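Asker: Encoded as C-alpha cells, here's the structure I'll be asking about.
The values are calculated or read from the model by the stated rules, or taken from the named source; none is laboratory data. Please read these numbers as outputs of a predicted model, since none were measured by experiment. So basically every Cβ, Gly included, is an ideal-geometry build from the backbone, and we count neighbours across all protein chains shown.
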Amino acid sequence: MRTTLLKAGLLAGVGLFAANAAQAVEIEYWQYVFDARVKAMDQLIENFEAANPGITVKHVTFPYADYQTRVVAAHAAGRGPDVVQLFYGWTDNFVDGGILQPLSQEAFPHGEIEEAFFPIVTAMKRDGEYYGLPTAVRSLALFYNKNLFEEAGLDPESPPQTLDAWVAAAEATTKRDGAGNMISAGTTLDMAGQDHHWWREVLVRQFGGAPYTDDYRTVTYDDDAGRAALEWYTNLQLEKGVGAAGFMDEGQAAFRAGLAAMTIDGTFRLGAFRSIESFEWGVAELPAGPDGTRSNYSSYFANGIGASAEGEELEAAEKFLAYVTSPEAMEIWLETVGELPARREVALTEANLADPIYGPFLRGLDYAHTTLFVDEAAQRQLIIDATNRILLQGQSPAGALEQAAAAEQALIDARN
Amino acid sequence: MARIAARTSEPGVVGNAPLPLPTGPEAPPRGWHRLSMSQKQVVWAWGFLALPILFYAGIRFYPTLDAFRLSLTDWNLLRPANFVGLDNYVRLVSDPQFGQVFRNTFAYLLIGTPTSIVVAFVIAYYLDRVRFMHGLIRALYFLPFLTTAAAMAWVWRWFYQPPPIGAINGFLASVGIPAQPFLRSTEQALPAIMVTAIWAGLGFQIIIFMAGLRAIPSTYYEAARIDGLGEFAILRRITLPLLKPTTVFLVVLSSIGFLRIFDQVYNMTTNDPGGPLGSTKPLVLMIYQSAFSSYEMGYAAAQTVVLFTILLVVSLLQLWILRERT
C-alpha cells in the first residue's frame, strides 16, 4: 500500500517535472565579449523572453582571442551552444567540423532570405543550405580628420571622391620635421588593419583586375592589375611619402591621436572613434578608381544553430534566431552597437542614407564584395609579407606578388 | 636518537607490531599486519608520493606523450584524427618558415643566454661590494622580474616607436642620430626584442649570483690575499670556479627560457606576429599560430616534439659541458 502511494507520488512528481521542463526550455547563446554587443544582446534576450514566456536564453561570452577555440573545443567535448555567433569566414571550418546544422527551409525560406538581406548573405550558403544569418553587417569607409583638412587648406566638408583626389589630400596633409621624420601622416598605411581588404577587394578591382575567381578558390591577383595596385599602394610610402607602415604603431592609433589625416576602417571602429574629443572627423565613401569603379569589402558575424540542438531546443533556437535577425532586432543593434542592419529595408531608409556617418557605409554595401577566406589570419599575413618585402627589402612588386599568390593558392588548395 | 634506532633495528624486535610468528598453514597472517615497520614506512611514503606523481602523470607526462602520438596525425580539433605517419615532419623540414624560425630561436638562445649571464654576473659582482643603498639597488634590478611580461612588452613596444612618439628615437634625435626603425626592421627587430627579454630576467639572475657569491667562504679570499693574489687572479681562480654550480643552474634555466621565448615577441608584434617578415618569430610562436590560428593540431604537435628534442639536447649538452671534472 505504502509503496503504491510512494510510486504514485513519484510518478506525479516526475509528471510535474516533465511538464515544467516542457514549459521552460533553456537555450544557450554564445558570442564573444565586446561591451556594446553584449549589451545589445542582453536587451534582445530580454525582449525575446518577454514575448516567449516558455523560453529562457542563457547568454555566454568569451574573450575574442579564445572565442573560436572555445566553440571548437566545446563541440569536441559534446557541449556546444544552441545558437552561436560566428564570423562568416569561419563557416567552412564550422560546417566541415559539424558544429552547425543547416537552417530549416520551413523556418527560414531561401527566397525570403535572398530577397530581404543584402546579397553578401550568400557567403553563409554551403551546398544549397544556409548555415546562419547576420543581424548586422560591416563595410569600409574613409575616415578623415576635418581639423587637419582645414589646416592644410582643404574643404573639410568635401572629402576626396577619387583615388587621385585622395592622394592629393594625403600629400597636402602630411607633415614632416626638419630631419625629414613624419610627424603627421596624410594617410595611415596598415596592411595588418583593414588595408589588406582595401587592396584585395577594392584596389585590385579598381586597377582593372579581380582578386580571385568568383568561388574564391583560385587566386587571380597576380596580373598587371594586381601588380599596379600593389605598386600604387607601396609607392604611397616609398615615392609620395604620404604615410609610413608602422607609424604610431597602428593606423587606428595614429588617426585617434590626431596624427593621421585619413584612414580606411570599418563600421566597427565607430564606437572607438566616437570618444575622440580633440578634433572633428567625418566619413566618406571609399574613393573611386581611375575609371570610376567603386568597390568595398563587407563582412559580418552571423548567428547559426548548433548541431546538437534538437526537439524543443531546436524549436526555441529557431525562434530566437528569427528574432535576432528581425527588423526590430536590427534597429536595436544599430542603435546600441552602431553596426549596419543586414536587411535592405531596415538599412536603406532615407534617414539612414542621409546620415553623415552611416550613409557612406551603407552606400558601400551596395557594391561590396565579401572574400571567402579559408584562413583569414594566414591570408592576411601573406599580403602583409608581400608589402613588407617591397617596403623593407626592396623587392619588386611583381616578385612580391608572385610569391604571395603562389603561397595563397597553396593555402587554399590545402584546405579543399 | 632512540626513535631512529628503533626504526632501523630488526623488524619484530622493537616497535608496536612484533613480527607475528607463523601459527600454521591454515591461518597465515595477512595484509597490513604482516608488513614490517620499515615496509610500512615505504608504503606510507609511496602513498603520499602517489598523489603528486599521479597528478603529474595526468597533467604533464600524459599530454607530453600524447603530443608524440598527435604529431603523427592530421587532427584539426574538428575532424577525427587520421594517422599520417611522418607527413608533418616532412612538411616541417620543407617549410621555409620553419628554417627561419629555427634560426631565430637559436639567435635568441646563443646571443641571449651568454649576454644575460655575463651582464648579470658583472652586476652581481660589483653590487656585492656596494654597501650604500644595497637593498634598494638590488630591489630595482629585481623589479622587472616581478612585472607581467605582457605589460613590459607593451611599454617597450612604445619606446621603440618611430618619431614623433618613440622615446628611444626621441633621445637619439636629441643627440643627432637619425631615427631607427627598430621593430619595423628585419635586422633590428630581433635584437630589440631580445634586449627586453634579457632585461626582464636580469633581476632573478643577479639575485642567484649574489647568493652564490655570498656562499663562498671568506677564508679563501683571505688566504689568497695573504698569498698576494691580485683581484683578477682571485676572480679567475677562486670566485668563478666556486660559482660553477650557480652558473650551470642559471645557464640551463636561461637557455630554456630563451628557447621558449614567446610573451615578449607576441606582445611586441601582435599586428604582424613574429614579424616583420617572420624575422622575430620563435618556435613557440609558430606552434601557437599553427595550433590556435590555423587549428593544425597535428602539425603543431610535430613542432612541439622538435622543440622538446631541442630543449632536451641543449640541457643535456650544457650539463655535460659544465659538469664537475673529478
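Asker: Would you say residue A:27 is modelled with pLDDT of 50 or more, part of a helix (DSSP H, G or I) and of a type in the set (A, V, I, L, M, F, W, C)?
Answerer: no
Asker: In addition: Kindly evaluate residue B:179 against the criterion of being part of a loop (DSSP other than H, G, I, E, B) and either hydrophobic (A, V, I, L, M, F, W, C) or touching a Pro at 6+ places or on another chain (Cβ under 7 Å) (or both).
Answerer: Against the criterion (part of a loop (DSSP other than H, G, I, E, B) and either hydrophobic (A, V, I, L, M, F, W, C) or touching a Pro at 6+ places or on another chain (Cβ under 7 Å) (or both)), residue B:179 qualifies.
Asker: With the condition kept exactly as written, say whether any residue in the range A:244-257 is over 30 Å from residue A:409 (Cβ atoms) and away from chain B (no Cβ under 11 Å).
Answerer: Checking the range A:244-257: at least one residue is over 30 Å from residue A:409 (Cβ atoms) and away from chain B (no Cβ under 11 Å).
Asker: Among the candidates B:242, B:229, B:183, B:253, single out the residue that is crowded, with 19+ Cβ neighbours inside 10 Å, among the hydrophobic types (A, V, I, L, M, F, W, C) and either within 14 Å of chain A (Cβ to nearest Cβ) or more than 16 Å from residue B:129 (Cα to Cα) (or both).
Answerer: It is B:183.
Asker: Which residues, counting only those in the range B:147-176, are facing chain A (nearest Cβ under 9 Å) and assigned to a helix (DSSP H, G or I)?
Answerer: Matches in the range B:147-176: B:157, B:158, B:169, B:173.
Asker: OK, next. Can you tell me which residue within the range B:120-138, out of those that are surrounded by 13 or more Cβ atoms within 10 Å (Cβ to Cβ) and without any contact (Cβ under 8 Å) to a residue 40 or more places away in the chain, is nearest to residue B:266 (Cα to Cα)?
Answerer: B:137
Asker: Another question about this same structure. Residue by residue through the range B:277-326, note down the ones that are basic (Lys, Arg) and within 14 Å of chain A (Cβ to nearest Cβ).
Answerer: The one that is basic (Lys, Arg) and within 14 Å of chain A (Cβ to nearest Cβ): B:281.
Asker: While we're looking at this one, here's another question. On the given criteria, is residue A:229 crowded, with 24+ Cβ neighbours inside 10 Å, away from chain B (no Cβ under 14 Å) and at pLDDT 95 or above?
Answerer: yes
Asker: Hey, any hits in the range B:111-119 for a residue that's more than 14 Å from chain A (Cβ to nearest Cβ) and surrounded by fewer than 12 Cβ atoms within 10 Å (Cβ to Cβ)?
Answerer: yes
Let's see how each residue does on (1) touching a Leu at 6+ places or on another chain (Cβ under 8 Å); (2) at pLDDT below 80; (3) surrounded by 12 or more Cβ atoms within 10 Å (Cβ to Cβ); (4) under 30 Å from residue B:301 (Cβ atoms):
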{"residue": "B:2", "(1), (2), (3), (4)": "no, yes, no, no"}
{"residue": "B:41", "(1), (2), (3), (4)": "no, no, yes, no"}
{"residue": "B:60", "(1), (2), (3), (4)": "no, no, no, yes"}
{"residue": "B:72", "(1), (2), (3), (4)": "yes, no, yes, yes"}
{"residue": "B:83", "(1), (2), (3), (4)": "yes, no, no, yes"}
{"residue": "B:102", "(1), (2), (3), (4)": "yes, no, yes, yes"}
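Asker: In the range B:302-326, what residues are exposed (fewer than 13 other Cβ atoms within 10 Å of the Cβ) and modelled with pLDDT of 85 or more?
Answerer: Matches in the range B:302-326: B:309, B:312, B:313, B:316, B:317, B:320.
Asker: Restricting to the range B:76-98, give me the number of residues that are without any contact (Cβ under 8 Å) to a residue 12 or more places away in the chain, under 28 Å from residue A:74 (Cβ atoms) and not polar (S, T, N, Q).
Answerer: Adding up the residues that qualify gives 3.
Asker: Another one. Can you give me the number of residues within the range A:222-255 that are outside any helix (DSSP H, G or I), within 16 Å of residue A:393 (Cβ to Cβ) and of a type in the set (Val, Ile, Thr)?
Answerer: 0
Asker: Right, next: Report yes if residue B:291 is surrounded by 15 or more Cβ atoms within 10 Å (Cβ to Cβ), in a helix (DSSP H, G or I) and without any contact (Cβ under 8 Å) to a residue 12 or more places away in the chain, otherwise no.
Answerer: Answer is yes for this residue.
Asker: With within 14 Å of chain B (Cβ to nearest Cβ), closer than 20 Å to residue A:388 by Cα and of a type in the set (Gly, Ala, Ser) as the only criterion, which of A:193, A:180 stands out?
Answerer: After ruling out the rest, the residue left standing is A:193.
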